[in-house]
Amino acid sequence: MNNSVNLDLTEGKITTKLWAFAIPLMLGNVLQQLYNLVDTWVVGKYIGENALAAVGSSYTLMTFLTSIIIGLCLGSSAFISMAFGKRRGDLIRNGIYISFVIIATLTGILMLISYCGINEILNIMNVPDNVKSGMKIYMLYCLAGFVGIFLYNYVSNVLRGIGNSVIPLIFLGVTVALNIVLDIYFVRNLGMGIKGAAIATVISEYVSGVGILIYFLMMYPKYHIHREDMKMKRDNFRNIMALSGFTCLQQSVMNFGILMVQGVVNSFGTNVMAAFAVAVKIDTIAYMPVQDFGNAFSIFVAQNYGAGKTKRIREGIKQSLISVVVFCVVISGVVCGFARPLMAIFVNASKTNIINIGVHYLRIEGAFYIGIGILFMLYGYYRAVNSPMVSVILTVISLGTRVILAYVLSGISVIGVTGIWAAIPIGWFLADFTGIIIYLYDARVKRSKKNMSMRIGE
């Protein structure tokens, strides 16, 4: 096994190692978003507005569904990171076995429920009749890619847990290129329409999922599962279920809230739907790197938490916060300043109303990326220190505020759709405030306990 791509985050310069680990993670998630961006570009250019709205709404729904799988995988990664920090190979192998069985089973159940309930889901989302048929076709094909999505995200998070963030990037880069080629060929050359865009994405998902699994099995024999590892050890099972369950809940609550916001957006008609479909993808690409820095930060904290290096964790928090603030300020300036040309990449220049709506969204939300940047750090921290329930609480605050304000403000005629856009950063900052207060309170309690034990020892 080549260890050159593996990073031990419990030693060495914190900022240097964090960024070395985070950059492949960031690039990987940007590439992952390109799956849907390519669909959006091809559909918008070669099919039409209704198809664009269908793909946009499908993207929101698929994000919600896949967030359940990704959340479970992130939770298992936290367990594996802690085991790696403890230098426990046996614990890593048992964790891989338990988490694989759990997540594979839940992925199958999720696919079955989604297929059986697709009509009810579309009705709940208030999808207009002129969009519904296209969205249903797109979703039915995309759901077939869930196994590929599971394999890629599961193996990727195992690799990241042991310090390897490079290989997931490589596999994703290859398959994104494949997706682009297949998208253009199926839609433009073969005229397969929205179905072709979906099939291209599914094929690419399976290439990445199966490919990275084969790599792991070939290159990491140390973590091959043996008969003695195939046990549902109670403590490990409980720990993985707590980490994966709460992380999954946090991810799904977050995206369920977004899904509810999509329902409000859909009530404003096809133009707003199409604008939102494009703008939210630009928005996601913009702040996705800081989300992945939060995930890298989480791996850093989890490895050091397992190793018992609390001082290194505190120093990592300070250095990571500086990085997040600087990045968010820069990316806010870029998105706000170039909102119109960014929209024009995906929407025909003649569709000025759609472009204007999208620009309005990007300039309101894009100005406040620092709020979501800090929130991603808080999510990662609480997951890494075995307190995933706090992440759930912060998500409920953020998304609860967003959904309530979106419904209330958009119903006021003088505010309208602007209320939906403004609700998003308000939710971020309320959650940030809560998370910081909890952190400071916990730190105060720990200091008090430490001082008390010192006095007793005197």
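Using the C-alpha gyration tensor of the range 3-451, what are the square roots of 5 times its eigenvalues, in whole angstrom, with the largest one first?
Values: eigenvalues 242, 138, 77 Å².
For the range 3-451, the semi-axes come out at 35, 26, 20 Å.
With R₀ fixed at 35 Å, the C-beta to C-beta distance from residue 238 to residue 404 puts the FRET efficiency at about 0.50.
Each of residue 353 and residue 437 was given a label point 7 Å from its Cα along the Cα-to-Cβ line. The distance between the two points is 4.4 nm.
Counting only Cβ charges, +1 for Lys and Arg and -1 for Asp and Glu, the dipole size of the chain around its Cα centre is about 1360 debye.
Based on the Cα gyration tensor of the range 279-390, what are the three equivalent ellipsoid semi-axes, each the root of five times an eigenvalue, rounded to whole Å and given largest first?
Details: eigenvalues 250, 30, 18 Å².
Each semi-axis is the square root of five times an eigenvalue, giving 35, 12, 9 Å.
Relative to the longest principal axis of the Cα atoms of the chain, the long axis of helix 129-142 lies at roughly 40 degrees. How far is it, in nm, from the label point at residue 124 to the one at residue 226 when both lie 7 Å from their Cα along the line to the Cβ? If labels sit at residue 124 and residue 226, their model points lie 4.6 nm apart.
Using the 10 angstrom Cβ neighbour count as an exposure proxy, how do 360, 224 rank, fewest first? Don't jump to the answer; show the numbers that get you there.
Details: 360 16, 224 11.
Listing 360, 224 from fewest to most nearby Cβ atoms yields 224, 360.
The order of 442, 235, going from fewest to most other C-beta atoms within 10 Å of their C-beta, is 235, 442.
Whole-percent P(r), the range 114-198, all Cα pairs, 5 Å bins from 0: 3, 12, 16, 17, 16, 15, 12, 7, 2, 0. Quick one: which residues, 5+ away or cross-chain, put their amide H under 5 Å from the amide H of residue 6? H built at 1.01 Å from N. Result for residue 6 returns nothing.
For the listed residue pairs 195/281; 231/446; 233/311; 86/446; 309/446, the alpha carbons are over 24 angstrom apart in 231/446; 233/311.
Normalised by the number of residues in the chain, the average gap of Cα pairs under 8 Å and 6 or more apart makes the relative contact order 24 percent. What would the Debye equation give as log₁₀ I(q)/I(0) for the range 135-284 at q = 0.18 Å⁻¹, counting only Cα atoms as equal point scatterers? Reported log10 I(q)/I(0), two decimals: -1.29.
Compute the separation of the alpha-carbon centres of the range 142-172 and the range 215-248 and state it in Å as a whole number. Going from one Cα centre to the other spans 15 Å.
Once the Cβ-Cβ distance between residue 133 and residue 90 is put in as r, and R0 is 56 Å, what FRET efficiency do you end up with, to the nearest 0.05?
Numbers: r = 53 Å, r/R0 = 0.94.
About 0.60, to the nearest 0.05.
Which of 120, 49, 315 has the fewest other C-beta atoms within 10 Å, and how do the rest follow up to the most? Walk me through the intermediate numbers first.
On the way: 120 9, 49 20, 315 14.
By the 10 Å Cβ count, ascending: 120, 315, 49.
Bear in mind these aren't lab numbers, they're just calculated from the coordinates by the rules spelled out. Model, not experiment: these values are computed from the prediction. Cβ atoms come from the backbone with ideal geometry, glycine included; neighbour counts cover every protein chain shown.
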